[in-house]
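The values are calculated or read from the model by the stated rules, or taken from the named source; none is laboratory data. What you are looking at is a predicted structure, and each value in this text was computed from that prediction instead of being measured. Cβ: placed from backbone, ideal geometry, glycine included. Neighbour counts: every protein chain shown. Quick note on the areas: whole protein, heavy atoms, side chains included, nothing else; ligands and nucleic acids left out. Shrake-Rupley method; radii C 1.70, N 1.55, O 1.52, S 1.80 Å.
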Amino acid sequence: MKKVNGNQIIELFEQFSPKQYAMEEDPIGLHVGQLNKTVTKVMIALDVLEEVVDEAIEQGVELIIAHHPLIYRPLKRIDTMAAGGRIIEKLIKHDIAVYAAHTNLDVAKGGVNDLLAEALQLQDTQVLVPTYETRLKKLVVYVPAAAEQKVRDSLGKAGAGAIGNYSDCSFSSEGTGRFLPGEGSQPVIGSKGKLEAVAEIRIETVFPENIEKKVLAAMMKAHPYEEVAYDIYQLENQGESLGLGKIGILAEEMTLEQFAEHVKVTLDVDKVRVVGDLQSPIKKVAVLGGDGNKYFATAKFKGADVYVTGDMYYHTAHDAMMLGLNIVDPGHNVEKVMKKGVARILGEMCRERNFDVEFIPSQLNTDPFRFI
């Protein structure tokens, strides 16, 4: 197993949840501490409260990756007699770094809203509120014929060649590559000082720009040549649309009352707030983690029978009623689904690379609300 530092872990995380997905002025990134240190245990948390920091200390954690930013607004002081100051003091004393991934994790494939839609068992999901369109690039690489399949397989495993519901898409053409190995070279094919002509395959494939480093690393590792000849082109083709929330359909129609019970079970909450006729038929569902007040009209416009979101305002609920849109509000804390989800995804990414690091979800309930 390979020892890794915090920078390597965050580099992997940002392949999954890139910073450019975040909304403007969202305070994401490193909040406390430093990443240039060996990290063996990472805690995934929804909120960074004092009890969560105590949990991290007890578990021997060196890095916390949180969804909600610890420092949302600029600090004017750090008073260690107050709870906010004590949190920072404990983190620094115990050398625990905190990294926040907020709206970028909401938008990411496999992020908060995908996890919520999956938990609600929605099918044929689409983005509710598009906020980001991935840019596509094309990779062209020249490979000796004997290594063609190895390189092609490695590119596919790295995520290149994904188009819609298809994966491993590529094109090949045959040709002749020529090169003259010079002093200091160690050619796999040919000899120093002798012009060589080799039957080569030109492989073309596409990839989203956020995985460029991963794709190039996979290509270099699989390619037999000492010096790899390749080109990268920026494409005008429309990339994948990403954004806030998801909208999809249920396998079977329910009444609003039945669906509210379904939400309680699948999102692990005791109570939900419901707006609408409890006997309304529910088939198409929109879901947006956190505070989704701004987007209820979008959910209605896209044909949702019900909108699942948190922190619903009184007057917004009236507006939704007038539009004929049902609402189920399970609270903001249902975003806790990201704890196990992100721990699983990062754990799989690190196991693939033989990284010696453990990811654990925080076990604490940080919901400030109780129903009596």
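Candidates in segment 27-44 are the residues that are over 17 Å from the mean Cα position of the chain (by Cα) and among the aliphatic types (A, V, I, L, M); of these, the one that is surrounded by the fewest Cβ atoms within 10 Å (Cβ to Cβ) is Leu35.
Residues of segment 276-287 that are in contact with a strand residue (DSSP E or B) (Cβ under 6 Å, 6 or more places away or on another chain), open to solvent by 10 Å² or more (accessible area, probe 1.4 Å) and under 15 Å from Ala320 (Cα atoms): Gly276, Ser280.
Exactly one residue out of Tyr225, Tyr233 is over 26 Å from Met349 (Cα atoms), of a type in the set (Ser, Thr, Tyr) and open to solvent by less than 40 Å² (accessible area, probe 1.4 Å), and it is Tyr225.
For the residues Val127, Val143, Val151, the requirement of being touching a helix residue (DSSP H, G or I) at 6+ places or on another chain (Cβ under 9 Å), closer than 30 Å to Ala297 by Cα, modelled with pLDDT of 90 or more and open to solvent by less than 50 Å² (accessible area, probe 1.4 Å) singles out Val127. Given the structure, is Val306 at pLDDT 95 or above, of a type in the set (A, V, I, L, M, F, W, C) and over 30 Å from Gln8 (Cβ atoms)? Taking the combined requirement at face value, the residue satisfies it. Every test in (1) more than 30 Å from Val285 (Cβ to Cβ); (2) of a type outside the set (Phe, Trp, Tyr); (3) touching a residue at least 60 places away in the same chain (Cβ under 8 Å); (4) in a loop (DSSP other than H, G, I, E, B) is passed by Gln238 save one, and that test is (1). Residues in segment 170-188 that are touching a helix residue (DSSP H, G or I) at 6+ places or on another chain (Cβ under 9 Å) and open to solvent by less than 60 Å² (accessible area, probe 1.4 Å): Ser170, Ser172.
Looking at Ala286, Ala304, Ala343, just one residue is in a strand (DSSP E or B) and of a type in the set (Gly, Ala, Ser), and that residue is Ala286. Only one entry of Ile88, Ile65 meets the criterion of being open to solvent by less than 10 Å² (accessible area, probe 1.4 Å) and not hydroxyl-bearing (Ser, Thr, Tyr), and that entry is Ile65. Residue under question is Lys294, and the condition is that it be in contact (Cβ under 8 Å) with a residue 60 or more places away in the chain and surrounded by fewer than 22 Cβ atoms within 10 Å (Cβ to Cβ); does it hold? Against the criterion (in contact (Cβ under 8 Å) with a residue 60 or more places away in the chain and surrounded by fewer than 22 Cβ atoms within 10 Å (Cβ to Cβ)), Lys294 does not qualify. For first residues located in segment 328-349 and closer than 14 Å to Thr309 by Cβ, partners that are among the aromatic types (Phe, Trp, Tyr) and open to solvent by 10 Å² or more (accessible area, probe 1.4 Å) and lie 6+ apart or on another chain with Cβ distances below 9 Å form the pairs Gly331/Phe369; His332/Phe369; Asn333/Phe369. When Lys109 is tested against (1) open to solvent by 30 Å² or more (accessible area, probe 1.4 Å); (2) more than 14 Å from Met338 (Cβ to Cβ); (3) not aromatic (Phe, Trp, Tyr), exactly one condition is not met: (2). Considered as a group, the residues in segment 191-222 that are touching a residue at least 40 places away in the same chain (Cβ under 8 Å) and more than 29 Å from the chain's Cα centre (by Cα) include one that is farthest from Asp153 (Cα to Cα), and that residue is Val198. With respect to being open to solvent by less than 20 Å² (accessible area, probe 1.4 Å) and modelled with pLDDT under 95, Thr134 fits the description. Taking segment 85-201 as the region of interest, the helices (runs of 4 or more DSSP H) fully inside it that hold 3 or more residues being within 24 Å of Ile44 (Cβ to Cβ) are 103-107, 112-119. Looking for whichever is out of contact with any helix residue (DSSP H, G or I) (no Cβ under 9 Å at 6 or more places or on another chain), within 20 Å of Ala108 (Cα to Cα) and open to solvent by 40 Å² or more (accessible area, probe 1.4 Å) here; the options are Glu24, Glu51, Glu58, Glu14. Which one fits? That would be Glu24, the only listed residue that is out of contact with any helix residue (DSSP H, G or I) (no Cβ under 9 Å at 6 or more places or on another chain), within 20 Å of Ala108 (Cα to Cα) and open to solvent by 40 Å² or more (accessible area, probe 1.4 Å). Kindly evaluate Ile372 against the criterion of being open to solvent by 60 Å² or more (accessible area, probe 1.4 Å) and out of contact with any Gly (no Cβ under 7 Å at 6 or more places or on another chain). In short, yes.
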